[in-house]
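This report refers to the structure that appears directly beneath it.
Nothing in this text is a laboratory measurement; each read-out follows from the coordinates by a stated rule. A quick note: this is a predicted structure, and the numbers were derived from the prediction, not measured. Every residue, glycine among them, receives a Cβ derived from its backbone with ideal geometry; neighbour counts consider all protein chains shown.
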Amino acid sequence: MARLYEVDRHDLARLLHGQPSYRVRQVWDGLYRRALRPSEMTDLPSSLRLRLGEELGLSLAEERRRSSADGQTVKWLWRLPDGAVVESVLMHYRRRSSVCVSSQAGCAMRCAFCATGQAGFTRHLSAGEIVEQVLAAIREARPRRLSNVVFMGMGEPLANFEAVWRAVRRLHADVGISARHITLSTVGIVPGIVRLTAEPLPVGLAVSLHAANDALRDRIVPVNRRYPLGLLADACRRYVDGSGRRLSLEWALIDQVNDSPEDARQLAQFATPLRAHVNLIPLNPTPGYGAPGSPPAVVSAFAAQLRRLAVNATVRVTRGADIDAACGQLAGMSSATP
Ligand code: SAH
């Protein structure tokens, strides 16, 4: 059976052979613009609806869904056709919603403090598997509008560039979520940032920095040994200049690891020439990492020092911690077991 969101327009035209020519567009818009499943496309003849439903299956089976106590955060555990599992997180704000999607089952980057990294890599997701996460979120968010997509779930998006970029193009062109409302978050894969710079769609870029000296970053973000800070800064500069987009730097504050005044100074030195915005978040605890997040007073002092150094910094509120849906806590099966 073909997968509903893997099918391109040509495949669909073949499936709809013998139907009036407007059908391709009708079904395509139904799938992407209106986020309908074939069985819900009541503007199609019922026999066709039935046939499409039989011939085109979904890729994501809902293994588990949890909502935070305040109802504002929903986390799914999805099972893929080959048994791999991924998570996505939907966050509601006052008038809109935002979804955090996975780009890989697991992750090979091995960041010390990240639950996904601790569990290791399973496989890349396909473009259809990424797009399907977004469409599930659009359906769930109703009547709110899903305005933003962030690639901050499981996996390293720039290590799965082809599929991620196909998904971005489909979200932008067919689903109608403009590239400006799509953010790729990367651990700092320099060749991926270089490729991104050559693409025409100006997606947002977030770099998970967490340390602004190579000795510390080598330890907590091991990919830094391959792409050290100097190379990363050069690639970021070219992206910012080429896309006109603002760069964000992510910094999880880890108690007595990267939360000192000297760390803030080094971060400011990295951020200033890039005119980057800094997002601070106290580290969320994960099973495989001993250090806790920085205490609130240290978080505020760190943010205040950055602002004194003329760096734009926002302290992020952790969402979904009670359902293990917070940053760095997505771990597939291990967080699915009660
Ligand atoms: N691989 C990509 C995207 C996935 S991680 C990346 O590295 O950016 C999404 C964000 O959560 C990253 O900034 C990551 O560093 C951060 N993160 C990972 N573990 C965390 C934790 N335990 N607490 C807070 N943030 C964490």
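Quick notes on this structure:
- Between ALA321 and ASP255, the FRET efficiency from the beta-carbon distance, with R0 = 25 Å, is close to 0.95.
- FRET efficiency, 1/(1 + (r/R0)^6) with R0 56 Å, evaluated for ARG144 and GLN19 via beta carbons: 0.95
- Between ARG37 and GLU262, the C-beta separation translates, for a Förster distance of 51 Å, into a calculated FRET efficiency of about 0.40.
- At 1.002 mPa s and 20 °C, Stokes diffusion of the stretch 2-56 via Kirkwood alpha-carbon radius, µm² per second: 194
- Point-to-point label distance, GLN72-ARG225, nm (Cα→Cβ direction, 7 Å offset): 4.1
- Distance between the pseudo-spin-label points of LEU50 and GLU199 (7 Å out from Cα toward the beta carbon): 4.1 nm.
- Taking the Cα centre of the chain as reference, the dipole from Cβ charges on Lys and Arg (+1) and Asp and Glu (-1) amounts to some 940 debye.
- Fully extended contour minus Cα-Cα distance, from ALA310 to ASP29, at 0.36 nm per residue: 96.6 nm
- Amide H contacts under 5 Å for THR122: ALA105, GLY106, CYS107, restricted to partners 5 or more places along the chain or on a different chain, H placed in the peptide plane at 1.01 Å from N.
- Integer Hz, Karplus 6.51/-1.76/1.60 couplings in order for the stretch 199-211, x for Gly and Pro: 7, x, 7, x, 6, x, 10, 10, 10, 7, 7, 6, 8
- Virtual paramagnetic centre 7 Å along Cα→Cβ of MET1, amide N under 15 Å, in the stretch 51-75: 51-62
- Charge tally for ASP324 (other residues, Cβ to Cβ under 15 Å; Lys, Arg +1; Asp, Glu -1): +2.
- Fraction of alpha-carbon pairs over 30 Å apart in the chain - percent: 36
- For the chain, with +1 on Lys and Arg beta carbons and -1 on Asp and Glu, the positive-most of ALA301, ASN213, ALA35 along the dipole: ALA35
- Taking only the Cα atoms of the stretch 1-115, the ratio Rg/Rh comes out at 1.06, with Rh defined as the Kirkwood radius.
- Value in Å of the Kirkwood radius, where the stretch 103-236 supplies the Cα pairs that are averaged: 15.4
- Computed from phi, the 3J(HN,Hα) profile of the stretch 59-73 under the Karplus parametrisation 6.51, -1.76, 1.60 (θ = phi - 60°) reads 9, 9, 9, 6, 7, 7, 9, 10, 10, 5, 4, 7, x, 8, 10 Hz, with x in place of Gly and Pro.
- Principal-axis tilt of helix 229-243 within the chain, Cα atoms, nearest 10 degrees: 50
- Per-residue extension of 0.36 nm, minus the Cα-Cα distance of ARG96 and ALA291, leaves a gain of 66.8 nm for this segment.
- Springs join every pair of Cα atoms under 10 Å in this Gaussian network model of the chain, and among ALA105, ALA303, ALA198 the largest mean-square fluctuation is at ALA198.
- C-alpha long axis of helix 261-274 to longest principal axis of the chain, angle in °: 50
- Scanning residues 5 or more positions from ARG316 or on other chains, those with amide H under 5 Å from its amide H are LEU280, ILE281, with H placed 1.01 Å from N in the peptide plane.
- Span from the the stretch 266-283 Cα centroid across to the the stretch 39-105 one, whole angstrom: 34
- Gained length - SER300 relative to ARG180, 0.36 nm times residue gap less alpha-carbon distance: 40.3 nm
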